[in-house]
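The values are calculated or read from the model by the stated rules, or taken from the named source; none is laboratory data. In this text the structure is predicted, and so the values were computed from the model without any measurement. Note that we place each Cβ from the backbone using ideal geometry, even for glycine, and neighbour counts take in every protein chain shown. What goes into the accessible areas is simple: the full protein's heavy atoms, side chains included, and nothing from ligands, DNA or RNA. Shrake-Rupley method; radii C 1.70, N 1.55, O 1.52, S 1.80 Å.
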Amino acid sequence: MKTKEIFQLAINKGIEADFREKEGVERFLKRKREKYEKLSEKEKEEFDLESLENPYLDSRILHIAEDKEIKKVLVGIDIEPAEILLAKEIGGIDLIIAHHPLGKGLAHLPDVMDLQCDVLNYYGVPINIAEGLMKERISEVARGLNVINHQRTVDTAKLLGISLMNSHTPCDNLAAKFLKDLIKKEKDNLIRLENLLNLLKEIPEYKEAMKIGAGPKIFVGEPERKCGKIAITEITGGTEGSPKLYEKMATAGIGTIIGMHISEEHKKEAEAANINVVIAGHISSDSLGMNLFLDELEKRDIEIIPCSGLIRISRIS
Ligand SMILES: [Fe+2]
């Protein structure tokens, strides 16, 4: 497989696992195309054409040094110049795959946050409320990204002649789908928060994270509290949503949410809304999603070298 095929495989896997389902993602892309057609010639010049095909603009091919068959990849959660130098030092690395967005992908992180509206709607929050509250939060995230040196790592990859891509939301979709399916399957056994916590602790990535003190934890609620309706609203969709959403989630009947991480402000709002919060773990949840994609590469005989926090677990038997 070449870099472009690996990237497309990530996008396709992300679409398969998307809360909006394939039809919903197609509708999203169709709307982008319709909007593009209506633009003036000048506006078309500034338009990011990739957005007509790629529903996850936080995921990109950032550099192709040599368009060749990929046999060995270095994969990490955060790729910085140090990891590019590491690839050079290891030698024989055909491609580096990052999880978190870089370069153009990082600049476009707010684009994937709309997905959260559909996820919230899936769990019963009216779409108008989700869209209204997310709009504010999306523009806040966009302004926050302005300060960043987007191209630092990409420039290093270019200078050292190393191919680089990242897969963020496609892999977060895979992690969210994995957890959603597991919760559905175990629904009858998930009465209290301690049951949910114990279920998460069985997942190999979280088991590994527990060894370094980064395993799943209850952030809001007590082990003996009842879960109620469990929602996977904070695993995919770019980054944290609006803190004002917890009250709306409670009204929509959600009792417990599973997230990757949570800020103090969000935690306080969840507490005030009596929503239980179980934090599965950030890098371990990122690893889970990456692993589900990396298994596809392993099946195609690509050697994977994990770095930068990636807990590599293969599910190929
Ligand atoms: Fe992450």
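What to note about this one:
- Any chance Cys171 is under 26 Å from Leu120 (Cβ atoms), more than 16 Å from the ligand (Cβ to nearest atom), surrounded by 14 or more Cβ atoms within 10 Å (Cβ to Cβ) and in contact (Cβ under 8 Å) with a residue 12 or more places away in the chain: no
- Leu288 being closer than 14 Å to Asn173 by Cα, modelled with pLDDT of 95 or more and surrounded by fewer than 24 Cβ atoms within 10 Å (Cβ to Cβ): no
- One residue from Leu200, Leu159 being over 15 Å from Gly237 (Cα atoms), surrounded by 14 or more Cβ atoms within 10 Å (Cβ to Cβ) and either among the β-branched types (Val, Ile, Thr) or more than 16 Å from the ligand (Cβ to nearest atom) (or both): Leu200
- For the range 243-278, taking the residues that are of a type in the set (Gly, Ala, Ser) and open to solvent by 10 Å² or more (accessible area, probe 1.4 Å), the one that is nearest to Gly105 (Cα to Cα) is identified as Ser263.
- One residue stands out among those in the range 59-89 that are under 20 Å from Ser287 (Cβ atoms) and hydrophobic (A, V, I, L, M, F, W, C): the one that is surrounded by the most Cβ atoms within 10 Å (Cβ to Cβ), which is Ile79.
- Taking the range 101-124 as the range and being buried (at least 21 other Cβ atoms within 10 Å of the Cβ), assigned to a loop (DSSP other than H, G, I, E, B) and touching a strand residue (DSSP E or B) at 6+ places or on another chain (Cβ under 8 Å) as the test, the residues that pass are Pro101, Leu102.
- The residue that is nearest to Asn173 (Cα to Cα), among those in the range 92-103 that are in contact with an Asp or Glu (Cβ under 8 Å, 6 or more places away or on another chain) and more than 14 Å from the ligand (Cβ to nearest atom), is Ile96.
- Selection of first residues in the range 4-29 that are in a helix (DSSP H, G or I) and of second residues that are surrounded by fewer than 19 Cβ atoms within 10 Å (Cβ to Cβ) and small (Gly, Ala, Ser), restricted to Cβ pairs under 8 Å at least 6 apart or on distinct chains, gives an empty result.
- The strands (runs of 3 or more DSSP E) found entirely in the range 231-317 that carry 1 or more residues being within 18 Å of Ala98 (Cα to Cα) and within 16 Å of the ligand (Cβ to nearest atom) are 303-307.
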